[in-house]
Every structure is written in C-alpha cells, then in structure tokens.
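Accompanying notes for the structure given below.
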Amino acid sequence: ASQSYNKKVTKEVGNKRINFSEDGRFLWGADRLGFVKVDLERKTIVDDSRRWEIEQRTFVVYEDRQERVWVGNKDGLFEYRNHQLIPPEINHRALRLRIEDIGQLSDGTLVIGTKGEGIVLIKEQSVQTIGAIQGLSSNMIENIFVDEQDQIWVGTLVGLNRIKLEVDQSFYIEQITTAHGLPSNEINKVRQLGNQLLIATSRGLAYLSFQEKDTLSRAPILSGLLVNNDTQRIAQNLVLDHTQNNLEFRFFTLDYAQDGQIQYRYRLKPVHREWVYTTNQGLANMTLAPNAYSFEVQSENKDGVWSESTQLHFGSTKFGEKMRPS
C-alpha cells in the first residue's frame, strides 16, 4: 500500500483503543465516532460502524475466543452482531455503565472494566463484581490486562491492581503504587513481555518482574519512652511508681520503599483487646492505673505483610507497694 493510503487507514482507525482479533488477522479500533475493523494483510477497512449509523463514542471493541465482538461505550456493554449493537442477555446495572476495557480469561470468562462498578466477570449466566469494597484501589477503571497466568491487571488513576482468582471463585487483590516504585499512580496501559510486565504511566514506563509477595517485614524499633514528659530509659520489666502514670511510646520502622508512609498497629495489654491502627510514629498520653502491662507494636510492609511484635513489659505500683510486673 502507498504511504498516503496508510495514513488514511491510520486516521480512520481511531485513537482511543485498538485490539487484535483472536486469529491476529484483524484489528479493531475505537474512537469518539464509533469503530472500524481493519484487515491487516490487505491493509483495508472491512467494516465501519458509521456505515450502519452507529456513531456513538466508543471506548473499546474486543473480539473474544468464540469470535463474538463486544463493544463498550458510554451506554454500557453490547454485542456487535449483524451490524447492530445488541445488549447482553444478562441484565446487570454495571453493564449499563460506561465500559472502558474488555478482556477474557482462558476459561471464556469475560472481564469488563467499568466506570463506577469496578470489574465485572461474566461467565455464561453468572455475574461477579469486584470493586473497592473488596479491595480494588478504585471503582473507576481505566484499563485491564489478562496475563498468561490468568491474572487480571487493573489500571486506575490511583494505582495498579493485580487480581488472582481461585478455583472456588474467591480472589486475592494486590495494590501496586508509587510506594512500590511506579513513576505515577495514573496507569495508562499494561502489557506482558516475557516474564516482565510493562506499565505505562502518566510519568513514564515501568517494568515489573513476576515474583512472589515480599514476606519480609521489619519489626519496629522502640526509640523512646517518655514518663510524665521526662525521658525514661527503655528496659524490660521496668517498674514505675503510682505517680509515673502518663506515658508516651515512640517507635519507627526502617523501610525506604514506603517513603515513610508506613502502617503500624499496637496494643497495650490489658487496656486494648484489639489492635489499634495508626500511621503515626508514637502513642501519647496513656494515663495508666497501677497494674502489669505489655506494650507491643507491629509494622506493615508494602505487600501487606505484618512484622513480628516489638514488645515492652512494664508495671506500675500502688503507693507504698513494691510489686513487680509478672
């Protein structure tokens, strides 16, 4: 084909999103005026939605393994058949929202990225939604990618998500953000190259190697103890008298990957029955009655793994007593 003809095809394909057919012979392009199908061998446009008066703003066209063609536009999900947009047989509110992207798992399950309801999984007559309430970073999906291991990568404006599905329909979600080294949390596109993931962000390209979750999480360092606003030497089984009843604990964890944005949890037995969560590096104004106490604190790494506890055992006596904590 001539250079001028190639420009014509490029102009008409559109610039929102392009996808290849399952056999690789055709390309589907979507833009604000509709969508087209291009024969890659002949370099010709073999179908154009505008010929059939379909001129809606289109975000994605996807041809699945069964050679069905799915169209996502501002009005929801449709199947393109006989030059018509046909709503799916399944009636679900998420499928009537703006559809940003479409993919497919190896078992035929369609993966739909919506604006407002997160991810929708469709297999035959079964529908499953995965959104922010289940752990996704946002319900406003920008793009999706299904890798060779059937993991679903979900791009949003606030980070990348990895969804790993189990055979019992349960799933695990991992969020990946600038804390893990991404140049930006605005994810434009995700693709796989060998054993690496290529992530296009608004501030550049990132590479992510396929690897297991980091199970190493460093325990916090207990860096200070103030008693009645005075510095107290930290020692196990410390005994305080009844007037030394206002305490402040200070702690930190060395984890440069999180740039100081570390989640901690602590509890002071017997005061707290459950963990208390914080991003602060200290716990102040603990006014305590005479008793035996155990303070423990943990920190969370970038992959959500909690560390072992850093502990301090101490006690406080009543006036005139010489009790030591057990």
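The values are calculated or read from the model by the stated rules, or taken from the named source; none is laboratory data. What you see is a predicted model, and the numbers here were worked out from it, not measured in a lab. A quick note on method: Cβ atoms are made from the backbone with ideal geometry, for glycine too, and the neighbour counts reach across all protein chains shown. SASA here: full protein model, heavy atoms, side chains in, ligands and nucleic acids out. Shrake-Rupley method; radii C 1.70, N 1.55, O 1.52, S 1.80 Å.
A few remarks follow.
- Spin-label model distance (nm) - THR287 vs ASP241, 7 Å beyond Cα toward Cβ: 2.1
- Normalised by 2.2 N^0.38 Å, where N counts its residues, the alpha-carbon radius of gyration of the chain equals 1.41.
- Out-of-range pairs (alpha-carbon distance over 24 Å; input LYS74/LYS302; LYS43/LYS115; LYS74/LYS164; LYS164/LYS189; LYS37/LYS123): LYS74/LYS302; LYS43/LYS115; LYS74/LYS164; LYS37/LYS123
- Our estimate of slack between GLN261 and ILE86, defined as 0.36 nm per intervening residue step minus the Cα-Cα distance, is 58.2 nm.
- Calculated FRET value between ARG32 and GLU124, using beta carbons and R₀ = 41 Å, to 0.05: 0.80
- For HIS242, the solvent-accessible surface computed with a 1.4 Å probe is close to 70 Å², ligands and nucleic acids excluded.
- Quarter of the Cα convex hull surface for the stretch 20-143, i.e. its orientation-mean projected area (nm²): 7.7
- Model label sites at LYS189 and ARG25, defined 7 Å from Cα along the beta-carbon direction, differ in position by 2.5 nm.
- For GluC sites (Glu not before Pro), the sites in the stretch 94-128 that DSSP calls loop and that have at most 10 other Cβ atoms within 10 Å are GLU124.
- Spin-label pair ARG273-ASP39: with each label point 7 Å from Cα along the Cα-Cβ axis, the two points sit 7.4 nm from one another.
- Taking SER137, SER49, SER170 as the candidate residues, the one with maximal mean-square fluctuation in a Gaussian network model of the chain, Cα springs under 10 Å, is SER170.
- Equivalent ellipsoid of the stretch 96-230: semi-axes from √(5λ) of the C-alpha gyration tensor, largest first, are 32, 18, 16 Å.
- Expected 222 nm ellipticity per residue - DSSP helices of 4 or more, -39500 (n - 2.57), all of the chain, to 500: -1000 deg cm²/dmol
- 10 Å-binned pair-distance histogram of the stretch 131-191 (Cα, whole percent): 24, 56, 19, 1
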